[in-house]
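Inspection log for the structure reproduced underneath, given as structure tokens.
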Amino acid sequence: MWVSVLTAVAEQAVNRLLTLEPNLASDLQSTAHKVLALTLTDLNLSCALHYNGKHCFVYGNYHDSADCHITTSLDCLGELKDPSQLTRLIRSGKLDLEGDLHLAQSYSKAFANLNIDWAEHLSRYLGDAGAEHLVSSVKQCANSAQLHSKSWQQVVTQLCQDELNVTVHPMELQQFKAQTRALSSQLAALEQRINALTD
């Protein structure tokens, strides 16, 4: 049941985006009448997205054939916003793609290019000044949260590397790699000397 609710909300959201951002419809024209299926392995969820040229339809529990089928995990879903990351994710084994790669890239590019003027849409309800103030406040909060998130990430990384010694420092890893390469070349040279002596 929760899948039906989730897909209904997603369908309403995507169709609302089509009305708020006119460029989205033109960006999705190359995907018209094609089905993009998505399977999230960690949630055991399979759904599909179909754009018919006017409206988007989201289907839950989708197991039929699709023009493009992406299988990935929830944590990689955010990286799909950047079309250039698709091939990197496929190579690293974090994403499995069957079918038309260009279809996946078209959807990714269309949603990455979203640039909704929220102040304009909110001005109908809050007036121009109120809408502009709300949008700028939300942007400031988002920037502040991102800044705090980065600083906390640095603090946690330093704590794990320097104080708790739970993870390896990048410099230590580079030193280890250099020492391993040097040892490997020394062993290869020793092997060559032993082979020369035995022959």
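Rg to Rh for segment 95-199: what is it, with Cα atoms only and Rh by Kirkwood? Don't skip to the answer; put the middle values down first.
Values: Rg = 27.8 Å, Rh = 20.6 Å.
Reported Rg/Rh (Cα atoms, Kirkwood Rh): 1.35.
A straight line joining the Cα centroids of segment 64-89 and segment 32-49 runs 10 Å.
For the chain, lysine pairs separated by 8 or more sequence positions, or belonging to different chains, with Cα-Cα distances below 17 Å total 5.
Given the C-alpha centroids of segment 109-158 and segment 5-27, what is the distance between them in whole angstrom? So the two Cα centres are separated by 20 Å. Of all DSSP-defined beta bridges confined to segment 2-112, some 75% are antiparallel rather than parallel.
Each 5 Å bin from zero up to the one holding the largest Cα-Cα distance in the chain carries the following percent of pairs: 1, 6, 9, 11, 12, 12, 11, 9, 8, 6, 4, 3, 2, 2, 1, 1, 0, 0, 0.
Run a plain Debye calculation on segment 149-196 (Cα atoms as equal point scatterers, no solvent) and give log10 I(q)/I(0) at q = 0.24, 0.27 Å⁻¹, rounded to two decimals, same order as the q list. Debye output, listed in q order: -0.83, -0.91.
Hey, can you list the DSSP H helices of the chain whose Cα span along the axis is 20 Å or longer and whose average Kyte-Doolittle score is at least -1.0?
Numbers: long enough: 2-20 (27 Å, 1.02); 118-158 (47 Å, -0.47); 170-198 (42 Å, -0.29).
Taking the DSSP H segments of the chain (at least 20 Å long, mean hydropathy at least -1.0), we get 2-20, 118-158, 170-198.
Our summary gives segment 2-112 a relative contact order of 26 percent, counting only alpha carbon pairs under 8 angstrom and 6 or more residues apart.
GNM remark for the chain: springs join alpha carbons under 10 Å apart, and the peak mean-square fluctuation among 34, 94, 150 falls on 150. For the chain, a Gaussian network of Cα nodes joined below 10 Å ranks 183, 17, 126 by mean-square fluctuation, and the top entry is 183. The antiparallel fraction among DSSP beta bridges confined to the chain stands at about 75%. Restricting the calculation to Cα atoms, segment 2-112 shows an Rg/Rh of 0.94 when the hydrodynamic-style radius is the Kirkwood one. Comparing mean-square fluctuations of 106, 84, 92 from a GNM of the chain with C-alpha springs under 10 Å, the top value falls on 92. Here the Karplus curve 6.51 cos²θ - 1.76 cosθ + 1.60, taken at θ = phi - 60°, turns the phi angles of segment 79-88 into couplings of 6, 6, 5, 9, x, 6, 7, 4, 5, 5 Hz, with x standing for Gly and Pro.
None of the figures in this text is laboratory data; all of them are computed from the coordinates on show. For clarity, every value in this text was computed on a predicted model and none was experimentally measured.
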